[in-house]
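Chemist: Just passing along the structure, written as structure tokens.
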Amino acid sequence: MQKKDPYASLRIKEFNIFLLIRFLLVFAWSMQFIIIEWEIYSITKNPLSLGIIGLMEVIPAVSMALFAGHIVDQKEKRNLFALITAAFSLISIGLFFLTWSNFVGNWSKNTILYAIYTLVFFGGFLRSFFGPTIFSLIALIVPKKLYPNAATWSSSTWQIAGVLGPAFAGFSIAWIGVHWSLCIVFTLVLLSLFFIFFIKRKPVLNPKIGEPVMQSLKEGIRFVYNTKAILGALTLDMISVLFGGAIALLPIYAQDILKVGSEGFGALRAAPAIGAFLTMLVTAYIPISKNAGIKLLIAIFGFGICIIVFGLSSTFLISLIALFFSGVTDGVSMVIRQTILQLKTPDEMRGRVASVNAMFVGSSNELGAFESGVTAKLMGTVTAVVFGGTMTLITVITTGIINPTLRKLDLTEDLEAHEKKE
């Protein structure tokens, strides 16, 4: 094999534009979610309300995921991406108006709360299209031999935005308030929409245009089920994220347990993303394709340990460090999972496979938020977080024992095969 160029995918102009767009969207999306969390908990002071945010997003995301994948595989990706982003801007401007006292006037707190939940619901609907579209678009911008490198930089960009978005949201809430912070979100979404048109339209590689929807969906599900490496990685990550969803309870930790205010909340929310981002930078130089299955299991086990430490901590610094290392371990699992998906998915099925991934992993974030909110209500906040971390450890141990295919997974041969083809 030739010596790896850690900047190979960054030498492609359209990929750089794509990274800029992804940065702007993820920054805006994560900033918006943090602001909504803060506003809703400030209105209700009820941990269950934080879980409901996740539930409102996950219901449409899960119910539409497979259909979204079918549509993505049938449509031109650049224009579809632009359409989804434009719709996202409407949700952002809606939230802006809902937090404007001159607009809502004498609306009751419950009316405002339900209106916010409604917009979050429609955001979940859009999210079901975002993942498959982005996943498919990357594959049309970079050659197959650069997929692992592109996945690293794309995920790193996502993490940078995930670092800055929540941190900036925490500070902006304190500086300019919830309302004008959402105005910034809307502006960033419009900027991303503008840059999308600097990417050329892409060919539709699916040879089965017009294929019946149900047949298309069955084919996508069958492929994921029969590809044990993909199925194992998605299942493991889904369950660990589902039970390790401590992030949803951060407003409670910031306001009631650690008592660090909105600035501390922003720092806590950003800590996992900082850890993940630094890890992904390292993986650009040191590929982790060899013995990828074992590395994935170890990473998620470490994630569970970090969540337990965070849950038990009542010291801001220890909590911050625990969340940082939860991001480090999550960064490893994210790169491995994305590499598995890119290398083992045919071009014509990328939308559907990405949709299944969204159902397994993306939606588990929101279900995890709901699970955390419910268990916090029933058990107490600290017990709920420790319970989630413990369930993550049990899941990793069980998966490692019963799934030898995942345990023995090595992606080195797949990479070498693609390099020889190109």
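The values are calculated or read from the model by the stated rules, or taken from the named source; none is laboratory data. Treat the numbers as computed from the prediction; the structure is a model and nothing was measured. Using ideal geometry, Cβ is built from the backbone for each residue, glycine included, and neighbour counts are taken over all protein chains shown.
Chemist: State whether the residues of the stretch 364-371 include one that is of a type outside the set (S, T, N, Q) and at pLDDT 75 or above. Full working, then the answer.
Modeler: Within the stretch 364-371, the first condition is being of a type outside the set (S, T, N, Q), and the residues that meet it are 366-371.
When the remaining residues are screened for being at pLDDT 75 or above, the result is none.
No: zero hits.
Conditions tested, residue by residue: (1) part of a helix (DSSP H, G or I); (2) free of Cβ contacts under 8 Å to residues at least 12 places away in the same chain; (3) under 21 Å from A68 (Cα atoms); (4) within 23 Å of the chain's Cα centre (by Cα).
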{"site": "W107", "(1), (2), (3), (4)": "no, yes, no, no"}
{"site": "F129", "(1), (2), (3), (4)": "yes, no, yes, yes"}
{"site": "I134", "(1), (2), (3), (4)": "yes, no, yes, yes"}
{"site": "L140", "(1), (2), (3), (4)": "yes, no, yes, yes"}
{"site": "Y147", "(1), (2), (3), (4)": "yes, no, no, yes"}
{"site": "W158", "(1), (2), (3), (4)": "yes, no, no, yes"}
{"site": "A169", "(1), (2), (3), (4)": "yes, no, no, yes"}
{"site": "V185", "(1), (2), (3), (4)": "yes, no, no, yes"}
{"site": "S192", "(1), (2), (3), (4)": "yes, no, no, yes"}
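Chemist: May I pose another question? It is to be established whether one or more residues within the stretch 78-94 are in contact (Cβ under 8 Å) with a residue 12 or more places away in the chain, among the aromatic types (F, W, Y) and over 25 Å from I17 (Cβ atoms).
Modeler: Scanning the stretch 78-94 turns up no residue that is in contact (Cβ under 8 Å) with a residue 12 or more places away in the chain, among the aromatic types (F, W, Y) and over 25 Å from I17 (Cβ atoms).
Chemist: Also, I was wondering about something else. Output the number of residues of the stretch 83-110 satisfying the condition of being modelled with pLDDT under 90 and either in contact with a Ser or Thr (Cβ under 7 Å, 6 or more places away or on another chain) or surrounded by fewer than 17 Cβ atoms within 10 Å (Cβ to Cβ) (or both).
Modeler: Looking only at that region, the number is 12.
Chemist: Considering only the stretch 210-248, state which residues are surrounded by fewer than 14 Cβ atoms within 10 Å (Cβ to Cβ) and either in a helix (DSSP H, G or I) or at pLDDT below 70 (or both). Show your work before the answer.
Modeler: Filtering the stretch 210-248 down to residues surrounded by fewer than 14 Cβ atoms within 10 Å (Cβ to Cβ) leaves 210, 212-215, 218, 222, 225-226.
Result: G210, V213, M214, Q215, K218, R222, Y225, N226.
Chemist: Yes or no: the stretch 213-224 includes at least one residue that is touching a residue at least 40 places away in the same chain (Cβ under 8 Å), among the hydroxyl-bearing types (S, T, Y) and under 30 Å from S9 (Cα atoms).
Modeler: The answer is no; no qualifying residue exists.
Chemist: One residue is enough: does the stretch 198-206 have a residue meeting the conditions out of contact with any His (no Cβ under 6 Å at 6 or more places or on another chain) and under 15 Å from L25 (Cβ atoms)?
Modeler: yes
Yes/no per residue for (1) in contact with a helix residue (DSSP H, G or I) (Cβ under 8 Å, 6 or more places away or on another chain); (2) modelled with pLDDT under 85; (3) within 30 Å of I402 (Cβ to Cβ); (4) surrounded by 20 or more Cβ atoms within 10 Å (Cβ to Cβ):
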{"position": "Q255", "(1), (2), (3), (4)": "yes, yes, no, no"}
{"position": "G261", "(1), (2), (3), (4)": "yes, yes, no, no"}
{"position": "F265", "(1), (2), (3), (4)": "yes, yes, no, yes"}
{"position": "A270", "(1), (2), (3), (4)": "yes, yes, no, yes"}
{"position": "A276", "(1), (2), (3), (4)": "yes, yes, yes, yes"}
{"position": "T279", "(1), (2), (3), (4)": "yes, yes, yes, yes"}
{"position": "S289", "(1), (2), (3), (4)": "yes, yes, yes, yes"}
{"position": "A292", "(1), (2), (3), (4)": "yes, yes, yes, yes"}
{"position": "K295", "(1), (2), (3), (4)": "yes, no, yes, no"}
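Chemist: Let me spell it out: the conditions are (1) part of a helix (DSSP H, G or I); (2) surrounded by 15 or more Cβ atoms within 10 Å (Cβ to Cβ), and K202 meets all of them except one. Which number is the exception?
Modeler: (1)
Chemist: Output the residues belonging to the stretch 8-48 that are under 18 Å from A150 (Cα atoms) and free of Cβ contacts under 8 Å to residues at least 60 places away in the same chain.
Modeler: If the condition is that a residue be under 18 Å from A150 (Cα atoms) and free of Cβ contacts under 8 Å to residues at least 60 places away in the same chain, then R11, K13, N16 are the ones that fit.
Chemist: Let me confirm something: among S355, S319, S289, S333, which residue is in contact with a Phe, Trp or Tyr (Cβ under 6 Å, 6 or more places away or on another chain) and either hydroxyl-bearing (S, T, Y) or not in a helix (DSSP H, G or I) (or both)?
Modeler: That would be S319, the only listed residue that is in contact with a Phe, Trp or Tyr (Cβ under 6 Å, 6 or more places away or on another chain) and either hydroxyl-bearing (S, T, Y) or not in a helix (DSSP H, G or I) (or both).
Chemist: Right, something else. For the condition among the polar types (S, T, N, Q) and under 20 Å from S49 (Cα atoms), what is the one hit in T157, T111?
Modeler: Being among the polar types (S, T, N, Q) and under 20 Å from S49 (Cα atoms) holds for just one of T157, T111, which is T111.
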